Amino acid sequence: MRILVTGGAGYIASHTAVSLLDRGHQPVLLDNFCNSKPAVLDRIEALTRQRPTLLKMDVRDTDAVARALREHDCQAVIHFAALKAVGESVEKPLAYYENNIQGTLSLLAAMRSSGVKTLVFSSSATVYSADQPMPLREDGLLGTSSPYGRTKLMVENILADVAAADKTLSFTSLRYFNPVGAHPSGTMGEDPRGIPNNLMPFVAQVAVGRLPRLRVFGNDYPTVDGTGMRDYIHVCDLAEGHVSALNHAHGRAGWHVFNLGTGQGTSVMQVLQAFSLACGRELPYEVVPRRSGDVAACWADPHHAESTLGWRASRTLEMMCADAWRWQSANPMGYPD
Ligand code: NAD
Ligand code: UFG
């Protein structure tokens with residue numbers, strides 16, 4: 001299949017591009033580089049011996065996206081392009097609604113005008129309401145507390161409505177839990193701008209000496225050791241989940257929703273310990289007050305993806321840390337400009 005991949009130079013999309021190429025698909029990457037660098041294309045080429053097309057384009061440019069879909073004869077779209085920082089979304093909600101909602105509406109218009117009917121969307125565990133027992137199932141209570149989370153939930157609602165009105169469309173929402181790690185080659189990984197918001201890239205930068213110590217946000221949660229628990233999933237498992245979702249979606253009309261997680265909760269201290277083992281030294285940390293908006297625990301029930309897509313995450317926490325460390329130590333400043 002030829003697949004348009006929006007946000008194609010980003011962290012999860014670039015790993016997904018490698019999985020698609022490995023399975024004989026042809027991704028066409030589209031990105032405006034607001035949170036990524038074109039250099040990732042060289043790394044994809046080095047790993048796969050194929051150089052996919054990379055278009056510098058904003059997903060909100062409906063005409064250009066429609067042209068790209070037609071010129072490259074795309075049969076499906078994976079829609080990663082979005083702004084994703086929860087804290088920033090509270091400061092700049094309009095930027096998030098403009099980019100994430102308008103971006104999706106524009107993409108849908110481009111797909112309609114070029115006759116592309118299959119879409120896989122990057123959603124998030126953040127669409128689940130905080131107050132419910134773990135693990136989270138796809139039919140769990142929805143509700144979210146940040147503008148970023150609301151953009152994901154609103155887009156899910158838009159997609160469900162559009163798919164309900166046109167029975168020829170196949171739309172899939174993948175709710176990611178906490179994507180971490182890097183390609184095992186150490187040539188591709190997460191390259192956040194500025195100080196990382198998320199745990200694993202922060203720990204990786206402590207390990208490589210870019211940051212002095214981890215600040216553990218609270219150790220008084222009702223969890224195994226008092227620190228927050230999440231469902232960390234290796235980015236390569238996540239990438240393979242997209243290939244499975246595409247295979248399932250093709251020719252199967254309707255609205256489909258899947259959790260992509262491991263089903264296992266891991267605490268901040270357990271991550272820190274596993275990363276210390278991976279990099280071969282104790283990593284410094286201090287406990288500070290809870291971060292506002294954080295929940296105590298969040299992990300997936302992954303059975304729906306397992307039984308319907310035939311996909312399950314297989315990589316361990318040790319592999320997530322070892323691969324993240326290989327990437328960070330070989331590329332301490334991320335991708336070149
Ligand atoms: P990322 O920032 O690395 O990738 C997003 C890419 O989209 C970037 O390359 C960025 O430049 C591009 N982009 C943004 N707006 C664009 C626009 N208007 N036009 C064209 N390109 C645009 O982030 P990621 O971690 O790879 O996340 C990918 C998707 O997965 C996002 O939709 C994100 O919300 C979702 N998601 C991520 C996580 C996570 O923890 N990383 C968790 C759940 C969901
Ligand atoms: N944490 C720290 N110190 C840090 C960073 C994080 O102790 O410097 C802790 C957090 O308090 C939390 C855990 O590490 O307990 C994981 O935090 P992340 O920021 O890595 O991940 P979150 O689960 O908070 O956020 C992620 C995505 C969001 C998404 C959210 C809900 O980054 O996009 O999951 O699904 F909205």
- Query: How large is the dipole of the chain about the Cα centre if only Lys and Arg carry +1 and Asp and Glu carry -1, each at its Cβ, rounded to the nearest 20 debye?
  - Reply: 420
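Express as a percent, rounded to the nearest 5, the fraction of DSSP beta bridges in the chain (both residues included) that run antiparallel. Intermediate results must be reported in sequence, preceding the final value.
On the way: 3 of 43 bridges.
Close to 5 percent.
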- Note on the structure: Check: in the chain the Lys pairs 8 or more apart or on separate chains whose Cα atoms fall under 15 Å apart number 4
- Task: Mind giving me the nanometre distance, one decimal, between the label points for residue 113 and residue 277, set 7 Å out from Cα along Cα→Cβ?
- Result: 5.4
- Task: For the chain, give the percent of accessible area contributed by carbon and sulfur heavy atoms, probe 1.4 Å, rounded to a whole number.
- Result: 50
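What FRET efficiency, computed as 1/(1 + (r/R0)^6) with R0 = 22 Å and r the Cβ-Cβ distance, is obtained for residue 330 and residue 53, rounded to the nearest 0.05? Present the calculation step by step, with values, prior to reporting the outcome.
Details: r = 27 Å, r/R0 = 1.22.
For residue 330 and residue 53, the calculated efficiency is 0.25.
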- Item | Stretchable slack from residue 164 to residue 42, in nm (0.36 nm times residue separation minus alpha-carbon distance) | 39.9 nm
- Query: Excluding ligands, DNA and RNA, what is the solvent-accessible area per residue of the chain at a probe of 1.4 Å, expressed in Å²?
  - Reply: 43
- Query: Taking θ as phi - 60°, what are the ³J(HN,Hα) couplings along the range 302-316 by the Karplus curve (6.51, -1.76, 1.60), each to the nearest whole Hz, with x for Gly and Pro?
  - Reply: x, 5, 4, 5, 5, 7, 9, 9, x, 10, 8, 6, 10, 8, 8
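The values are calculated or read from the model by the stated rules, or taken from the named source; none is laboratory data. Remember, it's a predicted structure, so these values are computed and weren't measured experimentally. Using ideal geometry, Cβ is built from the backbone for each residue, glycine included, and neighbour counts are taken over all protein chains shown. Areas reflect the complete protein model, heavy atoms only, side chains present, ligands, DNA and RNA absent. Shrake-Rupley method; radii C 1.70, N 1.55, O 1.52, S 1.80 Å.
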